[in-house]
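Bear in mind these aren't lab numbers, they're just calculated from the coordinates by the rules spelled out. Computed from a prediction, not measured in an experiment: that's the story for all the values here. Ideal geometry is used to build each Cβ from the backbone, glycine not excepted, and the neighbour counts take in all protein chains shown.
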């Protein structure tokens, strides 16, 4: 395992010491965990930002937008049907209503 030295402001060092005492571990272990969590969070943030950028770019295309809305509409009916089942509501009546609304378009 590689090692390195880091200078910390006094208040941060005090917090590091206190956390290490509370957890009963070495300061280095608290620092390793904090660095690992920070890096994992940054990686997730970059991943989500890339997904959002890709979605925005794709959604700017009118054809992709229409397809996405059509798929979302199909899932909305399915989600509502599942909710109706879970709540004990009759599903057949809902299916007929959804069919009528689709024919009107």
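In this simple spin-label approximation, residue 86 and residue 5 carry label points 7 Å from Cα along the Cα→Cβ vector, and these lie 5.8 nm apart. May I ask for log10 I(q)/I(0) of the stretch 1-55 at q = 0.14, 0.16, 0.24, 0.26 Å⁻¹, from a Debye sum over the Cα atoms as equal point scatterers with solvent left out? Results for the stretch 1-55 at q = 0.14, 0.16, 0.24, 0.26 Å⁻¹ read -0.53, -0.62, -0.96, -1.04.
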